[in-house]
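The values are calculated or read from the model by the stated rules, or taken from the named source; none is laboratory data. Predicted model only: the values in this text are computed from it and were never measured. Here the Cβ positions follow ideal geometry from the backbone for every residue, glycine too, while neighbour counts run over all protein chains shown.
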Amino acid sequence: MGSGNSAQININLDRAVPFFYSGESVSGSVNVNITEGQIKVDEVFIVLKGEAGYTTTRTVSNSNGSTHTQTDYHTICFFSEKKVLDSPGLGKNELEYHSGQYAWRFDIPLTPHLPPTINESNKYPRVRYYLKFVIDKPWYKRNADETLYLTVFPYINLSSNPQCLVPSLFGDHNRKDVTVKGTIDKLGYVPGETITGKLEIENPRRILLKKLHLSLVQQSRIECNTHKVTIFEMILPTITNTRQEQIVERFSLAIPQTYVAPSYQFMGGFHHTANVNISYMLEFNVKIEGMFTNLNINIPITLGTESDANPNQHKLHDASNAYPNYVSYYPEIVEDPQYNPPSYSSVSQ
C-alpha cells in the first residue's frame, strides 16, 4: 500500500505471483481511497518499466591533495510503457477527486524479448521491472504514487536447441599424471531438473586426492559489471582423501525449483540500449596433493524455462512455487565469462 497526503493506493495483479514471461501482458487494477478533502490532479497514469542498473568507479581528488575512490550508480531504462488512466477532458486543465473509493483497470504488454530479472531490486548490478502508479498533481504539490516490482523472464524452450539435449564429454589432466574424464547426460536444463553424469579418474602414481567440489555457477554481466554466484554446490563423498588408482563415479546435482534466471544474451532497448549476459557453468574443482596440481574443469550449461516440444504453459505460475517478486542472489566479482548463452537474435527467430 502507498499513500500520498490523503490518498491510499493498492496495485492488484490478475495473478497471485508477480511473475511474467516477456511477451505476456501485465494486467490488474489500481484501487485508491481518498480519505479526506479533495485532490486536484493533472493526470492519472501507470507505467511499466524495465531497467538495468550498474556501477562504475573513479578516482576523485580531495582538497588536501589526497584521492579517494568514488562509486557512481547508473540506470538504463531499456523498456517503458505508459498507460494514461484518467485525464482532463476538453476545455479542462485539471481533474478533481473528492473523498471516496476509485478504481482503474490496466493491461500493459511486455515486448517478446527482454532480459531476465536479476538480483534484488534495490541492489547493484541488477535488471529489474516494476509498475508505478502515479496521481500527477500540479507542480507545487507532491505526487501520490505506488510501486510494485515484478519478475520477468524471457521464454527459453530448450527443444529449439537440440545441441543442449545430447551427452557431452569433458576431461583434463595435471603434471602428476592425474587424469579426469567424464560425460554429462545433456547440456541444457530447467529449474527442478537434476544434472547427471559419470566421472572417471585415473591416478597411476596414487597421489592423494583431497576433495572434489561440484558446483553450478551463474555468471552475469550487466554493462561493465561482471559477477559470479554459486547456485548450488556439493562435495563428492567417495572422492575425499583417497589414493585410489582408478575411480568411476556417477554424480547428480539438483537445480533448485525456483525462479533462476535463464541463460540469455541481450543487447537492445527502445530509447536506450542495455547489455545483459547471463550464463552458467558446471564446475569440477579437484583438490590434489602438491603445488599447482589442482584440476579445474568448467562445462558450459544452458538453463532454460521449458524443455518440452509441447510446453506446460507458465509452469512457474503455480501457487506452490510462490516466491518473492525478485530473484535474490549474493554476487561476487569475477572475470568475464567466456561462454555465451543464447543470443537475443537467435531466440527471436
State whether one or more residues within the range 220-229 are assigned to a strand (DSSP E or B) and charged (D, E, K, R). yes
From 231, 239, grab the single residue that is hydrophobic (A, V, I, L, M, F, W, C) and more than 30 Å from residue 77 (Cα to Cα). 239
Suppose we keep only residues that are in a loop (DSSP other than H, G, I, E, B) and of a type in the set (Gly, Ala, Ser) within the range 76-96. Which one would you say is surrounded by the most Cβ atoms within 10 Å (Cβ to Cβ)? 87
Any pair with Cβ under 7 angstrom, 6 or more apart, that starts in the range 177-204 at a residue that is under 19 Å from residue 254 (Cβ atoms) and ends at one that is assigned to a loop (DSSP other than H, G, I, E, B) and of a type in the set (S, T, N, Q): 188/161; 188/307; 190/305; 190/307; 191/257; 191/258; 192/257
Search the range 72-124 for residues being over 20 Å from residue 271 (Cα atoms) and of a type in the set (Lys, Arg), and hand back the single one that is nearest to the chain's Cα centre (by Cα). 123
Could you please find all residues in the range 192-218 being closer than 30 Å to residue 159 by Cα, buried (at least 20 other Cβ atoms within 10 Å of the Cβ) and in contact with a Ser or Thr (Cβ under 8 Å, 6 or more places away or on another chain)? 195, 197, 216, 218
Just wondering, is there one or more residues in the range 255-265 that are over 19 Å from residue 195 (Cβ atoms), crowded, with 16+ Cβ neighbours inside 10 Å and either over 17 Å from the mean Cα position of the chain (by Cα) or among the polar types (S, T, N, Q) (or both)? yes
Hits in the range 93-117 (condition: at pLDDT below 95 and touching a Lys or Arg at 6+ places or on another chain (Cβ under 9 Å)): 94, 95, 96, 97
What is the one condition in (1) surrounded by 12 or more Cβ atoms within 10 Å (Cβ to Cβ); (2) within 24 Å of the chain's Cα centre (by Cα) that residue 33 does not satisfy? (2)
